[in-house]
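Worksheet: one structure, shown below.
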Amino acid sequence: KATAASVGAAATVAKKKELKEPPKDVYTVLPPDGLSIPTMDTEIIKLTAQYVAVNGRSFLNGLLTRESRNPQFDFLKGHHFLFNYFTALVESYSKVLNPSEEVIQKLKKDSEDRVDILERAFQRLDWDAHTEKERQRAEDQAAREKEQVIMIDWHDFKVVQTIDFDDADEDLPPPLTEEALKSLKLTAAGQDGPELAKAPAASGGGVQDDGEGEMEMDEGGDMEMDEDDGQAGPEAGQP
């Protein structure tokens, strides 16, 4: 009765808690996706990983040297496609054989509070169900999009306009980029500046540029004229 009540309490608490990703399971190592490893090779890899976890790096180096010509132990070489799988097994076995102080304290706590174990189990169960649901949803969406593409009749179209290119159009320059257009605009603005400066002089009665004045252009594109003292236009009555 006590066990059933504990399970019911743990299930109730797990449902009330917000769904979140559980900690990564560092003690479960799966082979590479889509790869079928023969049973004998799997047992050799696991047994070798256990020996390496117990005896350390020196054992691995000696085994690699001794079995360098044995294709059964090619997974010990870094370029082999099963090397990462073997390394992950060694790390997992090492954590089991030499647990940290934090893991030991957590195990002691779990031995006294089994409800917490059930809560974590329900959380992982809910998370696995959620991830599987999301994966299935993504696959269904991809399948629907593929069906829509297949249903398109690519031969059913109407010609709106036809553009003919002759031999003279084969060497057309490439289109200008945005930066090139900005550069042309700035160049055109700089060429229009002197024309604006000459406009008052041509209309008569304005200030004339005798070569000694200084012209400045502010940031807004306005032209300013600074004249030296005594460089004004012709005085009235002067021939």
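The values are calculated or read from the model by the stated rules, or taken from the named source; none is laboratory data. Quick caveat, the model's predicted, so the values are computed rather than measured. Counting neighbours? That spans all protein chains shown, and the Cβs are built from the backbone with ideal geometry, glycine included. Please note that ligands, DNA and RNA were not included when accessible areas were found on the heavy atoms of the full protein model with its side chains. Shrake-Rupley method; radii C 1.70, N 1.55, O 1.52, S 1.80 Å.
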Can you pull the percent of the stretch 28-110's accessible area that's carbon plus sulfur, 1.4 Å probe, other chains left in place? 56
Considering only protein heavy atoms, what per residue accessible area in square angstrom results for the stretch 55-108 with a 1.4 angstrom probe? 70
Of all chymotrypsin sites (Phe, Trp or Tyr not before Pro) in the stretch 59-158, which ones are in loop regions per DSSP and have a Cβ with at most 16 other Cβ atoms within 10 Å? F81, W154, F157
Ratio for the stretch 21-138, C-alpha Rg to 2.2 N^0.38 Å, reads 1.35
